[in-house]
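Asker: Here you go, one structure.
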Amino acid sequence: MKKFFGTDGVRGVANTTLTPELAYKLGRIGGYVIMNDSPNTQHHKFVVGRDTRLSGEMLEASLISGLMSVGIEVVQLGVIPTPGVAYLTRKLKASGGVMISASHNPFEDNGIKFFNHEGFKLNDEVEEEIESLLNNEDTLPRPTATQVGRIYAGSHYCKHYSDFLKSTLTTNLKGLKIVLDCANGAATTIAPLLFEELGATVITTSSSPTGININVNCGSTHPENLQRMVIKEKADLGLAFDGDADRLIAVDKNGNIVDGDQILYVCGSSMYREGNLNKNTIVSTVMSNFGFQRILNTQDIHNVQTQVGDRYVLEKMLKHNYTLGGEQSGHIIFLDYNTTGDGILSALQLASVLIKEQKTLNELVLPFKKYPQLLMNVKVSSKQGWEENPHIQESILKHTESLDGNGRILVRASGTENLIRVMAEGETEEIVTSIVKNIADIIQKQIN
């Protein structure tokens with residue numbers, strides 16, 4: 001099991017678990033491993049970006065020092081969305097890229113995530129190689145004199161990312177009134193001006209970062225204020241990003257939340273009608289709503305599922321050449337355009353569908369019947385043996401049969417904690433609640 005890397009880079013409380021010392025080592029060792037996997041043979045260059053957290057500059061300084069200590073030149077982008085780092089890594093033909101962010105986490109946390117020269121997040125093998133070197137004595141080369149790395153100012157490259165986002169549209173956004181919730185994060189540097197340049201009438205909220213207000217009662221995980229503003233301003237839609245702008249949650253003109261599953265459906269259906277959905281397939285995770293699969297089946301669009309995590313969605317897309325995938329949480333990957341989830345790109349694609357179809361968002365989402373879903377985490381003394389327990393399996397089978405095809409049950413163990421997660425979807429909240437509670441009770445009795 002990896003000690004430092006989680007499902008999305010290295011995260012922790014800034015200056016406690018994610019210290020400047022660790023950031024230096026990650027820059028030094030991560031940079032060394034990634035540049036040696038790069039086809040570039042000399043003049044290794046990394047791009048480095050961050051979100052608006054107070055600790056970002058501290059960790060950035062240490063990380064960059066680590067990169068330069070192994071001879072890497074650094075293009076310092078400043079505040080920029082995570083997918084902007086991924087894009088500019090490719091655009092500038094860099095050996096790698098690094099984003100300093102803890103995404104939707106509170107401001108006390110921070111994180112470091114790496115990209116390879118193609119703009120993809122690292123695979124398990126590369127992360128394990130970095131982990132191995134972190135756990136041993138540092139014997140890496142220490143170049144001297146002119147071979148030491150240097151820093152180059154790169155904030156102007158953010159315009160390249162903005163221009164790229166614009167280039168993904170075939171229409172402007174004139175006629176749309178949009179409320180943007182920038183989560184007081186990285187989206188503030190790009191999104192408001194970009195949507196205005198494309199002709200939309202833009203109202204912004206949570207777009208004044210202080211270093212400590214990122215994700216505070218705002219953004220994709222707290223869209224309540226956005227819902228109110230959309231109704232108050234009589235806007236066509238609202239768009240909420242998370243701290244590093246790799247997620248999107250939308251709000252229709254009536255104030256209803258439109259999640260990642262629904263955004264995938266709206267955008268995927270439009271791509272299918274235009275003949276741009278490769279293999280007529282959308283990739284999602286096992287947590288996608290049952291209604292998502294139902295509505296896709298009626299349109300002859302295939303749905304391939306993976307375990308939870310956008311990295312697994314991306315792996316499946318790359319392996320089978322699919323071009324659209326994502327998560328209910330709002331990580332949407334348009335692989336024709338970028339190599340990672342991109343909240344602003346997703347927002348543009350969604351808004352453009354409204355223009356092309358000449359429909360409101362609630363009209364586009366209307367065919368999607370969202371099934372009530374309940375997830376319960378059951379604490380257990382040990383996860384071992386739960387799958388072989390006949391009483392648990394009998395309960396799951398009995399309740400699955402009771403749904404008669406109008407819902408589903410998913411029971412799985414947590415990968416990091418002593419928890420069994422019980423999820424059910426069905427036609428009513430009462431049915432779902434009853435099923436989840438019954439299965440959870442059986443698990444507690446049998447395991448504990």
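Asker: Does region 420-434 hold any residues that are in a loop (DSSP other than H, G, I, E, B) and either open to solvent by 60 Å² or more (accessible area, probe 1.4 Å) or in contact with a helix residue (DSSP H, G or I) (Cβ under 7 Å, 6 or more places away or on another chain) (or both), and which are they?
Answerer: G426, E427
Asker: If you don't mind, there's one more thing I want to ask. Which of the strands (runs of 3 or more DSSP E) contained wholly in region 320-419 include at least 3 residues that are surrounded by fewer than 19 Cβ atoms within 10 Å (Cβ to Cβ)?
Answerer: The qualifying strands (runs of 3 or more DSSP E) are 373-379, 408-413.
Asker: Looking at E125, E108 in this structure, which one is free of Cβ contacts under 8 Å to residues at least 12 places away in the same chain, more than 24 Å from R142 (Cα to Cα), open to solvent by 40 Å² or more (accessible area, probe 1.4 Å) and not basic (K, R)?
Answerer: Of E125, E108, the one residue that is free of Cβ contacts under 8 Å to residues at least 12 places away in the same chain, more than 24 Å from R142 (Cα to Cα), open to solvent by 40 Å² or more (accessible area, probe 1.4 Å) and not basic (K, R) is E125.
Asker: I would also like to ask the following. Determine if region 292-299 includes at least one residue that is over 20 Å from L248 (Cβ atoms), among the charged types (D, E, K, R) and at pLDDT below 95.
Answerer: There is at least one residue in region 292-299 that is over 20 Å from L248 (Cβ atoms), among the charged types (D, E, K, R) and at pLDDT below 95.
Asker: Sticking with this one: Kindly provide the set of residues from region 267-290 that are farther than 21 Å from P372 by Cβ and aliphatic (A, V, I, L, M), ordered by number.
Answerer: M271, L277, I282, V283
Asker: Next question, about the same structure. Kindly check whether there is at least one residue in region 132-154 that is within 19 Å of T7 (Cβ to Cβ), out of contact with any Leu (no Cβ under 7 Å at 6 or more places or on another chain) and touching a residue at least 40 places away in the same chain (Cβ under 8 Å).
Answerer: yes
Asker: Test of understanding: among L22, L59, L54, which residue is surrounded by fewer than 19 Cβ atoms within 10 Å (Cβ to Cβ), in contact with a Ser or Thr (Cβ under 9 Å, 6 or more places away or on another chain), not in a strand (DSSP E or B) and not charged (D, E, K, R)?
Answerer: So the residue among L22, L59, L54 that is surrounded by fewer than 19 Cβ atoms within 10 Å (Cβ to Cβ), in contact with a Ser or Thr (Cβ under 9 Å, 6 or more places away or on another chain), not in a strand (DSSP E or B) and not charged (D, E, K, R) is L54.
Asker: How many residues are open to solvent by less than 20 Å² (accessible area, probe 1.4 Å) and part of a helix (DSSP H, G or I) when one looks only at region 296-309?
Answerer: Of the residues in that region, 1 qualify.
Asker: While we're here: Does region 163-188 hold any residues that are farther than 21 Å from F334 by Cα and open to solvent by less than 40 Å² (accessible area, probe 1.4 Å), and which are they?
Answerer: Passing the criteria: L176, I178, V179, D181, A183, N184, G185, T188.
The values are calculated or read from the model by the stated rules, or taken from the named source; none is laboratory data. Note that the coordinates shown come from a computational prediction; the quantities given were computed from them, not determined experimentally. When we count neighbours, we look across all protein chains shown, and the Cβ atoms used for this are built from the backbone with ideal geometry, even at glycine. Areas reflect the complete protein model, heavy atoms only, side chains present, ligands, DNA and RNA absent. Shrake-Rupley method; radii C 1.70, N 1.55, O 1.52, S 1.80 Å.
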